[in-house]
Amino acid sequence: MVLHISNVSKTYANGLKALSNINLRIEKGMFGLLGPNGAGKSTLMRTIAALQEPDQGSITLGNIDVLKQKTDLRKVLGYLPQDFGFYPKVSAMSLLDHFAVLKGISHKGERKEIVEALLQQTNLYEARKRNVSDYSGGMRQRFGIAQALLGNPQLIIVDEPTAGLDPVERNRFHNLLSEIGEQVIVILSTHIVDDVKNLCRHMVVMNKGTILLEGTPAEAQESVRGRIWRKHIDKSEINEYRSRVQVISSYISEGKIMIHVYAEEAPGTDFIPVEAGLEDVYFSTITKN
Amino acid sequence: MFKEIFLFDLKQNFGKPSTYIFFGIFFLLTLILGLSVAGVFDVATGDSNIIGNSAHAVSGIIVGLNDNILGLVNSVILVAIMATAIQKDYEYNIHPLIYTKPITKEGYFFGRFFSAFLTAVFVFSAQVIGYYVGCLFGMDTPRMGTFTLMNYLQPFLIFSVPNILLLGIIFFSVTTFTRNTLPAYLFCIVLLVVRTVSSNITADIENKTLAAILEPFGSEALNHITRYWTPDDQNTRMIPLQGSLLYNRILWTGIALLITILSYLKFSFTQFLNPVTFFFKRSKTATASQGYAHAPLSALPVATQRFSIKDNWKQLFYLSGFEFVKMTKSTFFIIICALGMAMMFIVAQYIGSMYATETYPVTYQIIESVASIFQLFILILVVFFSGNIIWRDREQKMDELIGSIPVSNTVLFFSKYIALIYVVAVLLAVASITGMLIQVSMSYYHLEPLLYFKAGLRMLVGYTITAGVCMAIQVFSPNKYLGFFLSLLPVLFINIIFELLEWRNNLYIFNSSGPGMAYSDMNGYGHTVKSWLIFKSYWLSIVLLLCLLALMVLPRGKEKGLTARFRLSKSSFRPVHKIALALCILFAISAGGYIHYNTHILNRYVSPKQMEEEQAMFEKTYKRYERTPQLRIVSSYIDVAIQPYKREVQVEGFYYLKNKYNLPIDTLFVDYIGGEKTNYHYNTLQPLREARVIVDDKKSGVKMFVFDQPVLPGDSIRFNFNIYFKPKGFENRGTETEVVYNGTFFNNRVLPSIGYNPDSEISANRAREKYGLPHKPRMAAVDDSVALRDNYISRDADWIRFETVVSTSDDQIALAPGYLIKQWKKAGRNYFHYKMDSPILNFYAYLSARYEIKRDKWNDVNIEIYYHKGHEYNLERMIRSIKKSLEYYTHHFGPYQHRQVRILEFPRYASFAQSFPNTIPYSESVGFIARVDDKDKTKIDVPFYITAHEVAHQWWAHQVIGGNVQGSVLMSETMSQYAALMVMEKEYGYQAMKKFLKYEMDIYLKGRTLEAKKEVPLMLCENQGYIHYNKGSVIMYALKDYLGEEVLNSAVRTYLQKVKFQEPPYTNAIEFVHYLKEATPDSLQYIIHDMFETITIYENYVSDLSYKPTVDGKYKVRLAVGSAKFRSDSLGKNEQVPVADYIDVGVFARQQNNTAQSDPEKVLILQKVRMDKPEKTFEFIVNEKPYSAGIDPYYKLIDRTPDNNTFTFGSKPPKVNIESGRNKK
């Protein structure tokens, strides 16, 4: 099953152009959507999840026309939004059961089985009787994934799932996602480069509603190989460098500032070449425009 | 610091649109009220002595807007403005930014509070401003007086401002300390309870002062201090800040200030971060267990997703259950239930009290008077929950999770709808069970669960409609709170406004039920069940239509705006949906069309204004025949066939009409019930003498004949008529309740009458002006010699012979005045032949129902009670009353002209008892279900009293009848009151009279404040109930006290024997009062003048009282009392006259065994003294320790302040201000 997105554009009522002419072909496996806040990632994901209507363009999943056959899409969709909550005072078990009913799993025995299995899977089984609204951040995200997995979905969309998780939880979450990615299409949006690096077979970098870069993480890294340079500078010098060269990132380091610069050749003698990471790809892409 | 915070916040508040929206809501509402008072709307007009722009009227508006559900709207708006003044910092999460600034606590707390308070004062000022602007449109009309700013400002300052302060600080504190607005909203509902309960408690006269002080908003206090204000007082006086109102305002403003200070002291920036919780448990955050081992995903069991129609239904009901559980588990629901139940119990204590006698808590009473309170709660709950369930997913950020799930909009929406219906059903069940518990707790065991179920089902249908519309509105509304207000539009506001405009077509009055008919034990829901069903299906289809439209824009995902939401949802707008939509439209149109056909085509839809125009037309056309001499009915023979289950009546009858004048009569004016689409069909109206028809006006109901040969003096002719009654379809409002399945009751008003009928004229003079008609006196002058030729019961007859055959279905008994001379069955119907053996007034009635009969006998008089099975409670009491009455009346007034007395129960569509010749129809709601506590001597035995009154009419109305002029009710109603009082006094002792007379005085004093035309002295009474019943009781009892029972009775007996069964000209009140004067000694002649010929009001009061023990173990009492006497004009304007009257003074001891069984006090001294000075001091020696003392302690004289007649020793009577017309208390 393949997800085709072609010529999708969306402009909000306030004139903000959230998506402009997006074309993507996404196959089974983990697909990373990388971009800064406000890049249009969430809009794109909601549009794929049929929670928003694009102004133009078409989206198909296999032979489902997403924009027309919304109900058919929803039958094979698992969606974990960026910002979500749960009803207060409902236990994980009954809430997941609730979602299962909504997803059409009407056979009671089957429902009980899948709900328990998913709680096991996401390691929430012991905490199943507690209220989801009292869960910690990581548990909430795992619960979110559990509900997304209900009903054998073919397309799973997860929007910034690891934001705010501690490293252990994040790691767990990655494991879970990568396993899911072996079966179905998983679209993961994030602004954390490592997430993509670790998990995704394919990725795009988005900013201001357009796709700036597409490929595998390795290809991407290859594309900037030998073009990233670094230098320690004084705080006061930063603006000067910014005007002169393409500074893609800057970090405070030992009281000075370390800048990474994108350039075909060394911009100056005291610049040292850097082994480009995915992070540099990302920053160079979004600072280019 | 205060100033900066205050001004900044104020600027913020005045920058918010909501401030102006609230202002606008109040402004519009009161503007419309003002316009309506100003007479701007094109509606029917009534008379009134009251102007709309007096301080009293403005106070009434302010206080009225704070009542009931409108008060709830006030509270909710106040919560919105004031509750979050500090809480908003937390809500928007900027408190860390603010609390870390160097601000002072007082600056922050008071700055925020006062800016919110000032905003609220601004918003509420719209209530006064709107009303003021509305009133301006009535300037220079009699509806308005001189415009004075103070009349508007003063009530605002006395009522609005302290109330805003009180409620504001409570909402502000509660919200600030709990950091949640829910408690404030719940408090609004508690306030609703307080309002309802306090107004119920004050129905009992004894608690009034206390209730006036304790009710928080000053409305009871206002009622209390102005309760006896005459129209003149109401129009001219400011609201005096004194007495109970002053105490009330001081008490509650004090409480408000106290709460403010306490809240200020309690408030601290750190506390605010740790809210006080009372209902809400703080949640603990769960932590994850650490182990992390799991099976591969592929090992997950397979679960099939099914999306068949059957599964959709399953989903629907599963979800409804889920939503239902969520709602019923909420604090709000539980508190509403608990409050509703508590309130039902409280209000049940005061159920149906009349003269402080309770009725049995029969099921329909519980349902109507008690459950109606619960209904208000249900309404609140429906509005609240419909907002919450529509917005909850978005508020709890579940919207995207749910939105991406393969569940249809239809299932999502309707599951919530069904859940809400479940919730209402549960509440109704709770109300029903509470109702039954109340019945059991009052030792009433005739439980009718089936009736509760039926009533509950009817209400459920109504709420289903309301809930649907509220939910659809919430879907369309861009905001939950706006949604709440929009929901109130159809549910509340529109109906109020349409009513003011007299737009009464039930097709556009939301959730209308069609013609209403109260539930009756006798007749059940009667014949309106069908029309009710049609109306409800009409509204249900409209509401479903709205819901289906709402489905198309159901919020799913994050799209904002209706068009975007429609684009997203339109794919689910499938054929099924379209068909459903079309069906709803089709159904709404056909139900609406059918309703229109019934209400406008089969029946006539007339607005009150149109009715007025037709009355004017009738008068203009036919008034000229008013004094044309007419033949008079001397005999009626009528054959009546009642088909109760078809609601049809056929009448075939004839009159004998006699020329009682000295001139030949050549015209015959026949008046009957006309109208275009009337239920009454007058097929034959034909004199049996050659005559030609000169007018045949079916619309006005007039047919006139000119005889070829005039009827000579003394000659009679026969007049035949045939009438067919058959209602067609159903009306818009109201329905004929005279002919019903069980409990038919109609009188000879439906038969043709002879001569022009002035009762069809417009009576309100303001309306008459509109149509160019001259002002009309309510009744002819007492000595109008033309009017005295008619009696006030009928214009076209004097004393008639009466005979009738009446038939009905085989399970019913049909009744009419007269003696049963034959009874038979024919063709499955029961026939009864009644005949009178002596002449009667032209006043008779027909009844038919499934009756039980109870018989008894007094001497040779047969006593019969025809009653509905199950209503046996007071039959013995009624019979005893009949016997005692017959005994007293035959002994004191003269012989009884009949050989039977019958009481006939009829359904509660009217609540009176009425005396026809030897026959007394008696409403099921009057007396039949009264519960008399024989042990409590101070309670009045209502069935006994009403029966005695009605039996007295057999003398006072059916023997003596006054002319059709002012004051004639004195010899019927007032004398019947007197007669009943005497029978009651013989039976229950004079102590029982005390409370009764106090009630009568209270009703009189209140009644005169509502007088729309003019108050008149008793002997000129123009059929004004508060005068001829209530003032009449007090005066006749006092007269008996002054003259003595024997002297008075012998005077009235002499009068009665002289005038009974007289032919015209009839007697009048002048003649009656003349007999009283004759019997009165010279020294007391003034009382006749005071009581009958003028409106005389006293102010009798205690100014000081004390006692000292004497050496011989007795007590020396010193009592200073005052008396002022006033003559009142027709508007209640008083003029003081010198007092030189004989008035009781009394000293009382406390009864030793002071239980309810005995008299609460013991008389030590009771004597008449002459009050020839405004104040006098008396000294008495009494044998026992005195407890209380006073002047006119039994309220024999009409007293404008009955409360200050007696005081207990040790209390300090307040100073009485004679001049201002009102005492300071």
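See the values below:
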| read-out | value |
| --- | --- |
| Estimated 222 nm signal from helices in chain B, with DSSP H stretches of n ≥ 4 weighted -39500 (n - 2.57), rounded to 500 | -14000 deg cm²/dmol |
| Chain B, relative contact order in percent, only Cα pairs under 8 angstrom and at least six apart counted | 8 |
| Distance cut-off 15 Å, percentage of C-alpha pairs in segment B:1026-1132 lying past it | 74 |
| Cα-based equivalent ellipsoid of segment B:1-89: semi-axis lengths in Å, sorted from largest, via gyration tensor | 35, 13, 13 |
| Crossing angle, helix A:92-102 versus chain A [Cα axis fit, 0-90 degrees, rounded to tens] | 80 |
| Largest-first principal axis extents, alpha carbons of chain B, Å | 113, 89, 59 |
| Solvent-free Debye scattering, log10 I(q)/I(0), computed from the Cα coordinates of segment B:43-154 at q = 0.16, 0.18, 0.20, 0.23 Å⁻¹ | -0.84, -0.96, -1.08, -1.25 |
| Number of partner chain Cβ atoms within 10 Å, mean per residue of B:569-578 | 2 |
| Degrees separating the helix A:108-121 axis from the principal Cα axis of chain A, which is the longest one | 30 |
| Footprinting exposure proxy for B:K1116, B:K658 (fewest neighbouring C-beta atoms within 10 Å first) | B:K1116, B:K658 |
| Contact order relative to length of segment A:194-258, as percent, for alpha carbon pairs under 8 angstrom and 6 or more apart | 22 |
| Reduced Cα scattering model of segment B:836-985, Debye log10 I(q)/I(0), q = 0.09, 0.12, 0.14 Å⁻¹ | -0.26, -0.47, -0.65 |
| Euclidean distance of C-alpha centroids, segment A:132-161 and segment B:158-180, integer Å | 44 |
| The protein assembly as shown: Cα Rg divided by the 2.2 N^0.38 Å rule of thumb | 1.17 |
| Part-to-part distance (alpha-carbon centres) for segment B:673-713 and segment B:500-519, which is given in Å | 36 |
| In sequence order, calculated HN-Hα J values of segment A:250-264 (Karplus, 6.51, -1.76, 1.60; Hz; x Gly/Pro) | 9, 10, 7, 8, 6, x, 10, 10, 9, 10, 9, 10, 9, 7, 4 |
| Ratio Rg/Rh, restricted to segment B:835-892 and using Cα atoms, in which Rh is the Kirkwood radius | 1.01 |
| Cβ neighbours within 10 Å from other chains - mean over B:1029-1040 | 0 |
| Span-rule helices in chain B, defined as complete DSSP H runs reaching 20 Å or more along the axis (Cα) with Kyte mean at least 0.0 | B:17-37, B:105-136, B:161-178, B:182-201, B:243-266, B:331-348, B:371-395, B:409-441, B:449-476, B:529-551, B:575-596 |
| Peptide A:106-117, shielding by other chains (average Cβ, 10 Å cutoff) | 4 |
| Mean ellipticity per residue at 222 nm, deg cm²/dmol - from DSSP H runs of n ≥ 4 across chain A, formula -39500 (n - 2.57) | -10000 deg cm²/dmol |
| Degrees separating the helix A:167-181 axis from the principal Cα axis of chain A, which is the longest one | 70 |
| Ranked packing of B:641-648, B:408-415, B:572-579, most packed first, by mean Cβ within 10 Å | B:408-415, B:641-648, B:572-579 |
| For segment B:598-644 and segment B:1-47, distance of Cα centres in Å | 47 |
| Placed amide H near B:V1169: partners under 5 Å, 5+ positions off or other chain | B:I1143, B:D1144, B:V1145 |
| Amide H contacts under 5 Å for B:Y792, placed H, 5+ residues apart | B:G962, B:N964 |
| Protection proxy ranking of B:714-720, B:992-998 - average other beta-carbon atoms within 10 Å, highest first | B:992-998, B:714-720 |
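Only the coordinates and a few stated rules stand behind these numbers; no lab work does. Computed from a predicted structure; not experimentally measured. Note that each Cβ is placed from the backbone with ideal geometry, even for glycine, and that neighbours are counted across all protein chains shown.
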